[in-house]
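Structure, as structure tokens:
The values are calculated or read from the model by the stated rules, or taken from the named source; none is laboratory data. Nothing here was measured: the structure is a model prediction, and the numbers come from that model. We place every Cβ from the backbone using ideal geometry, glycine too, and count neighbours over all the protein chains shown.
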Amino acid sequence: MAMKQTLKVDWKKLLWQSHADSWADVTRLLLIGGFLIAVWWHSWFAMLLITLAIIINPISFPAPKNPRHFIHRMNLGKRLWLEFTPPLLKNLARIGEISMTLGLLVAAWQNQLFQAILLAAGLMGYKFYFMFYLTLLHDTKEAENKDLPPK
């Protein structure tokens, strides 16, 4: 009797690895800018295409070759933050980000250039600060060498 051998794939780990690729993050930032332009011009077709590209983006890149790259360390820090941060703090961070994003989309839809630029600058400043914080969190935990998720 031949035993059927099954191939186990850890999809969550595979997704995190491809999501941590630096090109994936750079293209996500560019796609978000393209999405704002599509909202500004009220192009539903462009919004749909860019939304599909944003959904496909995390799985379309290979695992990073350099695990010491800033973006790879930031994504590992994001995993730590998601695992160890209390739910209240995670929800407060999400509420702030969602409200700024909705304000930006409304300003872009109504073609209010000054408000859209201010909200985009604020949102990007928040995101870059958060990315720096996540990288610092990973580096601190790595230096302590405890509670690190597997790479």
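Quick notes
- Residues that are among the acidic types (Asp, Glu) and surrounded by fewer than 11 Cβ atoms within 10 Å (Cβ to Cβ), drawn from segment 70-103: Glu83
- Filtered residue count, segment 1-44, keeping only those that are touching a Leu at 6+ places or on another chain (Cβ under 8 Å) and at pLDDT below 80: 1
- Residue match in segment 53-67 (condition: basic (Lys, Arg) and assigned to a helix (DSSP H, G or I)): no
- Among the residues of segment 39-69, those identified as surrounded by 15 or more Cβ atoms within 10 Å (Cβ to Cβ) and in contact (Cβ under 8 Å) with a residue 60 or more places away in the chain are Val39, Trp40.
- Enumeration of residues in segment 82-109 that are within 20 Å of Thr135 (Cβ to Cβ) and among the β-branched types (Val, Ile, Thr): Thr85
- Test: residue in segment 121-140 that is over 18 Å from the mean Cα position of the chain (by Cα), under 28 Å from Pro64 (Cβ atoms) and either surrounded by 14 or more Cβ atoms within 10 Å (Cβ to Cβ) or not small (Gly, Ala, Ser) (or both): yes
- Residue that is among the basic types (Lys, Arg) and touching a His at 6+ places or on another chain (Cβ under 9 Å), where the choices are Arg28, Arg94, Arg68, Arg73: Arg73
- Within segment 75-82, one or more residues are free of Cβ contacts under 8 Å to residues at least 24 places away in the same chain, farther than 23 Å from Gly33 by Cβ, under 15 Å from the mean Cα position of the chain (by Cα) and assigned to a helix (DSSP H, G or I).
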